[in-house]
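For reference, the structure is listed below as structure tokens.
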């Protein structure tokens, strides 16, 4: 495949909110151009890309999967992705390997929270998006809208999606959900909609061909260009002129045969915009005539509309990679003049090859693995591309400990990959300019087999060139989640992928039979490799903790463990909720510590940029500021208000050790706060050396200061400082988007109230009796929430939960009535019930085996009621 072939290649993914029609759309594209893999009569019913049993049972996509399509003389790699927030990591893996995205929006439901999320993902990965407005038939059959009303609705959706993209472009978009809650900057009435002019900067413009109007279920769809070409001869106008006129406030004057604006049709005229008159009204007539859906699919075939739009609007790999290179391989600023110039030169040449999408065999080979996925060995092809029988059970290609084989989901960005090739596997931390990095973050591996992916099917190939998406066998022992592959060690790794949420739902798991612990440990290792988003850790109590994105994701993980990877019966604990600790308000030993509450904006910055900090601690959003003076400051390594060591001092080596102990003590303290050993959040600690040297240090003068003394002193001082400043518990909050019919609003609000939810706003969906409610819900109250909501609303309500932010509980967990007013309201303290914050803290302390203050009734006697003798 030369450059001309690469120019005829397209890599696209399908992104959307859950149930907006991604997999149904994929069915029709596969049926039309998939080489006979799917019969057209089964399109929309089979859900070809959802080949997992759990996906079919739940009717939702849970993983990203690729398939190669052929349309005219173009090759199109299509990647379907999930819409459910629990599997949003799969959206990230799909976006990284694509150059363009089909963003679907339900024409009835409109823009939802996951629509924002996938648009953000496409923007981050520098994809070229196309908008697909799906389920147009529902506007006719369900809502009974007139063509003009439907046009206003479609106009509003396009305007809203463009508003989201415009916010990204202006860099004003916030990563949390505040922008969603604020809604559009202007509330548009139907009477104003037709005056909206499409800005030249708008991302999605129907008149430019990157917006499609479809009904994926019935297999029909169109872009404006099809109608423009159809009417060109009839109206005596050029197709290009009609394409511009078929969207927005453009009208056709039948007397003059001219296309005019609103002013040109005169006052009192009942003229309709040309999109309504020439596009929507004919569609409405077909449906009102009660013709078979097949009539529409023959008239306006869905696959032609979508794939012609893809070919026209989505860039080929050569154009795309030159545009995406700043995201894939950002330029490095090299400040060190002592680096190896030859290494730097080759690394820069590799980057240029990726930017140019060099497909020659002489070019350095560079590929990116976005995830590892498990396939049963029995599902692998039995013969290679030459027809030779393969030994699929050899330890070389499998994992040596399971019936599962791990394949790498990858895209080639430069050069050629071939079976048997030896490549370097680079982790995200690899730096070709640092010698120690070579050993820690680079491995050498042999590629055993290459496959083109056809949904569940795999087609062996001997080699694959730049721009192709492939599955690679032979990397199971070398890659855990993602990695960069390179034919040279002098190559920068690709930038890390961005995920929309983090795995917050944690449970402890153990085998029902203790004798199966070995099988469970093996299964956890396999699951950790097979799922790009799961996290497997061991708690301080020795529990095996599994972290998932949500309840649906957790159920999938447990099912995979019991049926595929561990194959043993499991006991799963109740959810282990994560909290953090902070202070509300504005103490001493070897060091004096002051604690300061950071502004929320600073805390968010620390949270989002933790990987850029020198001293980082996972799940800890705190910083340490160190200053000091006099003899103790010198002994502890505090010089001139900066954590540095004077090279002129004879105490240099000791001070280096003690300076490290300061930071270690700070990290120990902030990783386990004084309330319930949860990480501290949003705090700054100012550590100062005391002017008077403590007796313990004076006694150790002849031996020197032990680093453990300093570490313990700093840790205790930090924790004590927090307890003196009104400590507060911080809990994670979900942003909830709930939809329910009007008659079930009451029960839904009752469920929200029982779970400490805070309702933000509610609004009625246009043209329906559905209410959309936005609320914040504590993560600790979310388990079982969707099921309870369905029970109380007879299954009519739905909920989508997205991790939003951390929020401090205002309640003082140590509250004791002191003033006369408080004693009058709450009692003298002996009978005050614990508030929510204290109850949550006590629950965590019990789980961790920490002491809990509880009142225990001793020597209680049963109350007797004495009857009066008559």
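Among the residues of the stretch 182-241, what is the count of those that are part of a helix (DSSP H, G or I) and modelled with pLDDT under 50?
Step one: list which residues in the stretch 182-241 are part of a helix (DSSP H, G or I), which gives 182, 190-193, 206-208, 224-235, 239-241.
If we keep only those that are modelled with pLDDT under 50 too, we end up with 182, 190-193.
Here the count works out to 5.
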Inset, instruction - Being under 26 Å from residue 219 (Cα atoms) and touching a helix residue (DSSP H, G or I) at 6+ places or on another chain (Cβ under 6 Å) narrows it down to one of 302, 307, so name that one. - result: 302
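Does residue 424 meet the test of being in the same structural domain as residue 367 (by TED's automatic domain parsing), at pLDDT 90 or above and under 30 Å from residue 23 (Cα atoms)?
Working: in the same structural domain as residue 367 (by TED's automatic domain parsing): yes; at pLDDT 90 or above: yes; under 30 Å from residue 23 (Cα atoms): no.
Here the answer is no, as residue 424 does not meet what is asked.
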Legend entry - Residue check, residue 149 in a helix (DSSP H, G or I), at pLDDT 50 or above, more than 22 Å from the chain's Cα centre (by Cα) and over 30 Å from residue 600 (Cα atoms): yes
Inset, instruction - Filter the stretch 335-358 for residues that are in contact with a helix residue (DSSP H, G or I) (Cβ under 6 Å, 6 or more places away or on another chain) and surrounded by fewer than 23 Cβ atoms within 10 Å (Cβ to Cβ) and give the result. - result: 355
Legend entry - Residues located in the stretch 760-776, provided they are over 16 Å from residue 111 (Cβ atoms) and surrounded by fewer than 16 Cβ atoms within 10 Å (Cβ to Cβ): 760, 762, 769
Legend entry - Leading residue by the ranking (surrounded by the most Cβ atoms within 10 Å (Cβ to Cβ)) among those in the stretch 458-473 that are out of contact with any helix residue (DSSP H, G or I) (no Cβ under 9 Å at 6 or more places or on another chain) and farther than 17 Å from residue 98 by Cβ: 472
Inset, instruction - Find the helices (runs of 4 or more DSSP H) located wholly in the stretch 661-761 whose residues include 1 or more that are more than 32 Å from the chain's Cα centre (by Cα), modelled with pLDDT of 90 or more and farther than 30 Å from residue 113 by Cα, and list them. - result: 707-723
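What residue, of 154, 143, 174, is part of a loop (DSSP other than H, G, I, E, B), surrounded by 13 or more Cβ atoms within 10 Å (Cβ to Cβ) and either at pLDDT 50 or above or in the same structural domain as residue 213 (by TED's automatic domain parsing) (or both)?
Working: 154 fails: part of a loop (DSSP other than H, G, I, E, B); 174 fails: surrounded by 13 or more Cβ atoms within 10 Å (Cβ to Cβ).
On inspection, the qualifying residue turns out to be 143.
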Inset, instruction - Find the residue count for the stretch 64-81, including only residues that are more than 12 Å from residue 32 (Cβ to Cβ) and in a strand (DSSP E or B). - result: 9
Inset, instruction - List the number of the failed condition for residue 467; all other conditions in (1) in a loop (DSSP other than H, G, I, E, B); (2) at pLDDT 90 or above; (3) within 16 Å of residue 490 (Cβ to Cβ) hold. - result: (3)
Inset, instruction - State the number of residues belonging to the stretch 768-789 that are outside any loop (DSSP other than H, G, I, E, B) and out of contact with any strand residue (DSSP E or B) (no Cβ under 8 Å at 6 or more places or on another chain). - result: 3
Inset, instruction - Mind telling me which of the residues 26, 95 ends up being surrounded by 22 or more Cβ atoms within 10 Å (Cβ to Cβ), modelled with pLDDT of 90 or more and in a helix (DSSP H, G or I)? - result: 95
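The values are calculated or read from the model by the stated rules, or taken from the named source; none is laboratory data. These numbers come from a predicted model, not from an experiment. Glycine gets a Cβ as well: all are built from the backbone with ideal geometry, and neighbour counts include every protein chain shown.
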